[in-house]
Amino acid sequence: MAEEIKENSTAPAVKAENTPVSRKYSKFTRSNILKFVFLSLGFLFLYLPIVTLIVFSFNESKLVTIWSGFSVKWYFELFSDRQMIDAVLNSLIIAFSSASMSVIIGTLAAIVLVKIGRFKGESMFALFITAPMVLPDVIIGLSMLLLFVAMANILGWPEKGMVTIWISMVTLTSAYVTVVVRSRMRELDNSIEEAALDLGAGPIKTFFTIILPSIMPAIVSGWLLAFTLSMDDLVITQFVAGPNSSTLPVLVFSKVRRGLNPEINALATIIVFIVSICTFVYWLSRVRADRKRKRDQQMALNKKY
C-alpha cells in the first residue's frame, strides 16, 4: 500500500498551462490587454489636445507653447476683455433663441410628416426640410447673404447683424430637430393615441397629454443639438454677421489668425469645465430616474403578487 502511494506521488503532475481552462484564461487576459491598449490610444487621441490646452491655460508666458510657470492671470485678462464677453453673450443669445425656434418649427414639421399621412408634395416637403443637413455651410451662408441683400434692397430690412445670424441658424438647425423628432414619432404606439380619442379626448388634449410627453426626450435632444450647432457655427455666421454682432467662433478665429492668444486657452478651459458639469448632472439625473423607475416597477410587482 505504501509503495502504491509512493508511485502515485511520483506521477508527473499535469501542467496548468496545458489545460483548456488555463489557455482560455490566458487568451481572455490577452484580449483584455488589447482592449485596454486600444481604448487608451483612443482616449489619448481624443482628449490629449484638450488636456494640453487646459494645462497651458495656466501658463504665465504669452507664448502658449512654452511653459514658464503657473499663473491664473489669463483668466483675469479674459474677464476684463469686453470684446470677448460681448461675443460670448451674442453667441448665447443667438444659440438659445434659435434653438427654441428650431424646436417649434422642427416639431411641427415632424408632426406634418408623420401624423397627417400621405399628401401631394410630401416628398418634396421632406426634401426641402432636410436639405440644410446635406448642403455645405459655404453654400448656405452664401445663399443667405444673397437673400438678405435682396431683401434689404427691396424692403430695407434686415441689416446684417444679430437678426440675420438668428434667421440663418434657425434655417440650419430646424432640419436636425425635424429628423430627431420625426424618428421618435415613428416609434410611437398609435393605439395609445387612438384610445385617448375613443375615450373622448380631443386632438389638442391628446397631443399635450399623450404625444408631447412621449416625444419630449427627442425634443430636448433636438434643442441641445441645435444649441450646440448655433454656438459652434463659424462659416455661415461670417457671411451674415454685421460689424457689431461678432459671435464667439468668429472672434476666436480672428484672434487665432493674428496669433495664438493665451486668453483663448482660458476661455476654452471654462467651456470644457461647464460642459463637463452639465454632462455629469445629466448623467446623474438619468441614473436617478432609472433607479426610480426600477423601484416603482418592483413595488408594482410586489403589490400585484
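Being surrounded by 13 or more Cβ atoms within 10 Å (Cβ to Cβ), among the aliphatic types (A, V, I, L, M) and either modelled with pLDDT under 85 or out of contact with any helix residue (DSSP H, G or I) (no Cβ under 8 Å at 6 or more places or on another chain) (or both) is the requirement here; does residue 226 meet it?
Numbers: surrounded by 13 or more Cβ atoms within 10 Å (Cβ to Cβ): yes; among the aliphatic types (A, V, I, L, M): yes; either modelled with pLDDT under 85 or out of contact with any helix residue (DSSP H, G or I) (no Cβ under 8 Å at 6 or more places or on another chain) (or both): no.
No.
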Residue count, region 168-187, condition without any contact (Cβ under 8 Å) to a residue 40 or more places away in the chain and either hydroxyl-bearing (Ser, Thr, Tyr) or more than 25 Å from residue 116 (Cβ to Cβ) (or both), comes to 2
Would you list the helices (runs of 4 or more DSSP H) that sit entirely within region 181-275 and hold 2 or more residues that are of a type outside the set (D, E, K, R), more than 30 Å from residue 144 (Cα to Cα) and within 26 Å of the chain's Cα centre (by Cα)?
-> 212-232
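Could you tell me whether residue 167 is aliphatic (A, V, I, L, M), part of a helix (DSSP H, G or I), out of contact with any Ser or Thr (no Cβ under 8 Å at 6 or more places or on another chain) and within 17 Å of residue 96 (Cα to Cα)? Give the steps one after another, and end with the answer.
Values: aliphatic (A, V, I, L, M): yes; part of a helix (DSSP H, G or I): yes; out of contact with any Ser or Thr (no Cβ under 8 Å at 6 or more places or on another chain): yes; within 17 Å of residue 96 (Cα to Cα): yes.
So residue 167 fits the description; yes.
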Unique match (being modelled with pLDDT of 90 or more, surrounded by 10 or more Cβ atoms within 10 Å (Cβ to Cβ) and of a type in the set (Gly, Ala, Ser)) among 61, 91 = 91
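The values are calculated or read from the model by the stated rules, or taken from the named source; none is laboratory data. Since the model is a prediction, treat every value here as computed from it, not as a measurement. Every residue, glycine as well, gets a Cβ built from its backbone with ideal geometry; the counts of neighbours run over all protein chains shown.
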